[in-house]
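Student: The structure's right below; bear with me while I get my questions together.
The values are calculated or read from the model by the stated rules, or taken from the named source; none is laboratory data. None of these values were measured; they are calculated from a predicted model. Every residue, glycine as well, gets a Cβ built from its backbone with ideal geometry; the counts of neighbours run over all protein chains shown.
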Amino acid sequence: MSTTFGRELGRAVAAAGSGAATPLRLVLLELLERRLETIAARAHPKATMLPFRPAYSVKTNPRPAFLRAARAAGFLAETISPAEVAAAREAGYPCGDIIYNGPRPCRRAELDAPLGAAFADSLEALALYLAERPAALVGVRLRPAAVPSRFGIPFDEVPDAAALMRAAEPGLTVGASMHVRSEDYRPRTWLELAGSFVDSAAALARESGRSLAVLDLGGGWTPASLERVLEHDVPALRLLLGSVLPGLTTVIVEPGQSVSTPCEALLCSVLEVRAGRGEAVVDAGFSELPHLETYPHRMYWAADGMLAPVERGAGRILGPLCLEYDVVARDVALPDGLAPGDRLVIADCGSYDASMAFPFAGGARHEVAPAGERHR
Ligand SMILES: Cc1ncc(COP(=O)(O)O)c(C=O)c1O
């Protein structure tokens, strides 16, 4: 366990006390602040000799305290809906420090003032942004060649995007964005994808006759893979960018899960121990953590004021729902002495938790009456 993580997690469990109702979310704000500061320092132009500016992906964890911390650490806010723009504004972000980069088109009428940049996800959105100017800088998200993705425009639509940009008012500066998940491009590397993206961005600049002032880069990075990109890929990225895009003033890097994943945990209680099978049932699972199976989570047994890691083994920890897939952990060894009423901590729960992200994705949560009740 890293020192800040272990210390703050231990403190949060102790503060919850033995009587706290579970499941209970533990928010590790100090850890988040350290992570934001570290990433900002590692990506700083003095360290990288690239005009990097980090942006915090609001959808990943829109908790107001996280947004305020991101702003304090010098991150821009990267948003995908008017509700996320409003959340960033409430956290103190001026409109100029907010970027819009999502498939729901951004309408000027939904904003108090133009944002810093808006990246279109389609030719239709690009035409809309050039007409309405919801942001000072208008850009387009480009889909790197041969990546199966629903996002951005593919390479064969670049000439159409360039034509739209060419027809816009003189003096308009433009940008391009790339965001890919490693699941979609393996075994290629992020850097290879960035190479293909830079080629498309250069074609866009050439064919539109515009200078590309801003690039916005993301990569579905985990905490470890963001470290690797900042440590190993920066010199190659510098070469790639320097040779093709001379007018570049800003390279936005927009991490999400790599910032917030370790910064929340879930405290749960053991309901039953099935000793003969090496299984335990706990009071949290799929409902609280729908993304549980999409990335690894560290687990700890909170016993005698200590946090003992749950090790690998042949057992399972099961959630409380009547769903086959409500399994909290597979291939684990139940700690010796684990008993009903004990507390387990599921760590690394800070990203893409539907209960937090949903209200920000598109507006209000709607409910419909069950079919049988409609005509009452
Ligand atoms: C444009 C954009 N920015 C940021 C993010 C979030 O970043 P990460 O993939 O690092 O969690 C995503 C996620 O898909 C995205 O599409």
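Student: Taking region 301-342 on its own, how many of its residues are at pLDDT below 95 and touching a His at 6+ places or on another chain (Cβ under 9 Å)?
Tutor: Total satisfying the criteria: 0.
Student: Suppose we filter T38, T22 for residues that are part of a loop (DSSP other than H, G, I, E, B) and either closer than 22 Å to T261 by Cα or not hydroxyl-bearing (S, T, Y) (or both); which single one remains? Write out each step before concluding.
Tutor: Values: T38 fails: part of a loop (DSSP other than H, G, I, E, B).
Matching residue, one of T38, T22: T22.
Student: Using the structure shown, decide if P144 is surrounded by fewer than 18 Cβ atoms within 10 Å (Cβ to Cβ), within 16 Å of the ligand (Cβ to nearest atom) and either β-branched (V, I, T) or assigned to a loop (DSSP other than H, G, I, E, B) (or both). Don't jump to the end; show me each part of the working.
Tutor: On the way: surrounded by fewer than 18 Cβ atoms within 10 Å (Cβ to Cβ): no; within 16 Å of the ligand (Cβ to nearest atom): yes; either β-branched (V, I, T) or assigned to a loop (DSSP other than H, G, I, E, B) (or both): yes.
No: the conditions fail for P144.
Student: Among the residues of region 197-238, count how many are modelled with pLDDT of 90 or more, in a helix (DSSP H, G or I) and out of contact with any Leu (no Cβ under 9 Å at 6 or more places or on another chain).
Tutor: Total satisfying the criteria: 4.
Student: For residues that are more than 13 Å from V140 (Cα to Cα) and of a type outside the set (G, A, S), scanning just region 211-227, find the one that is surrounded by the fewest Cβ atoms within 10 Å (Cβ to Cβ). Lay out the reasoning, then the answer.
Tutor: So in region 211-227, the residues more than 13 Å from V140 (Cα to Cα) come out as 211, 218-227.
Narrowing the set further to residues that are of a type outside the set (G, A, S) leaves 221-223, 226-227.
Numbers: W221: 22, T222: 18, P223: 17, L226: 21, E227: 15.
Within region 211-227, the match that is surrounded by the fewest Cβ atoms within 10 Å (Cβ to Cβ) is E227.
Student: Select from region 76-101 the residues that are in a loop (DSSP other than H, G, I, E, B) and buried (at least 24 other Cβ atoms within 10 Å of the Cβ) and write down the one among them that is nearest to the ligand (Cβ to nearest atom).
Tutor: N101
Student: Follow-up question, since we're still on this one. Before we move on, is S57 under 25 Å from A347 (Cα atoms) and surrounded by 19 or more Cβ atoms within 10 Å (Cβ to Cβ)?
Tutor: On the way: under 25 Å from A347 (Cα atoms): yes; surrounded by 19 or more Cβ atoms within 10 Å (Cβ to Cβ): yes.
Against the criterion (under 25 Å from A347 (Cα atoms) and surrounded by 19 or more Cβ atoms within 10 Å (Cβ to Cβ)), S57 qualifies.
Student: Do you know which residues across region 255-279 are within 16 Å of the ligand (Cβ to nearest atom) and either of a type outside the set (A, V, I, L, M, F, W, C) or surrounded by fewer than 23 Cβ atoms within 10 Å (Cβ to Cβ) (or both)?
Tutor: Pass one, region 255-279, residues within 16 Å of the ligand (Cβ to nearest atom): 255-264.
Scanning region 255-279 gives P255, G256, Q257, S258, S260, T261, P262, E264.
Student: Say we look at region 39-75 and pick out the residues that are of a type in the set (S, T, Y) and either modelled with pLDDT of 95 or more or not assigned by TED's automatic domain parsing to the domain that holds D216 (or both); which of these is nearest to the ligand (Cβ to nearest atom)?
Tutor: Filtering region 39-75 down to residues of a type in the set (S, T, Y) leaves 48, 56-57, 60.
Narrowing the set further to residues that are either modelled with pLDDT of 95 or more or not assigned by TED's automatic domain parsing to the domain that holds D216 (or both) leaves 56-57.
Details: Y56: 9, S57: 4 Å.
Among them, the one singled out is S57.
Student: With respect to R141, is the statement that it is under 21 Å from the mean Cα position of the chain (by Cα), at pLDDT 95 or above and basic (K, R) true? Explain how you work it out, then say what you get.
Tutor: Working: under 21 Å from the mean Cα position of the chain (by Cα): yes; at pLDDT 95 or above: yes; basic (K, R): yes.
Yes; evaluated as a whole, the condition is true for this residue.
Student: List pairs: first in region 63-92 and under 24 Å from A125 (Cβ atoms), second at pLDDT below 95 and assigned to a loop (DSSP other than H, G, I, E, B), Cβ under 7 Å, 6+ apart or cross-chain?
Tutor: E78/E254; A83/G363; E84/P62; A87/P62
Student: What residue, among those in region 152-183 that are of a type in the set (G, A, S) and surrounded by fewer than 14 Cβ atoms within 10 Å (Cβ to Cβ), is nearest to L137 (Cα to Cα)?
Tutor: Just the residues of region 152-183 that are of a type in the set (G, A, S), to begin with: 152, 161-163, 167-168, 171, 175-177, 182.
When the remaining residues are screened for being surrounded by fewer than 14 Cβ atoms within 10 Å (Cβ to Cβ), the result is 163, 167, 171.
On the way: A163: 17, A167: 15, G171: 11 Å.
Of everything passing the filter in region 152-183, G171 is nearest to L137 (Cα to Cα).
Student: Output the residues belonging to region 228-254 that are without any contact (Cβ under 8 Å) to a residue 12 or more places away in the chain and within 16 Å of the ligand (Cβ to nearest atom).
Tutor: R228
Student: Does R316 qualify as being in a strand (DSSP E or B), over 27 Å from the mean Cα position of the chain (by Cα) and touching a residue at least 12 places away in the same chain (Cβ under 8 Å)?
Tutor: On the way: in a strand (DSSP E or B): yes; over 27 Å from the mean Cα position of the chain (by Cα): yes; touching a residue at least 12 places away in the same chain (Cβ under 8 Å): yes.
Yes, satisfied.
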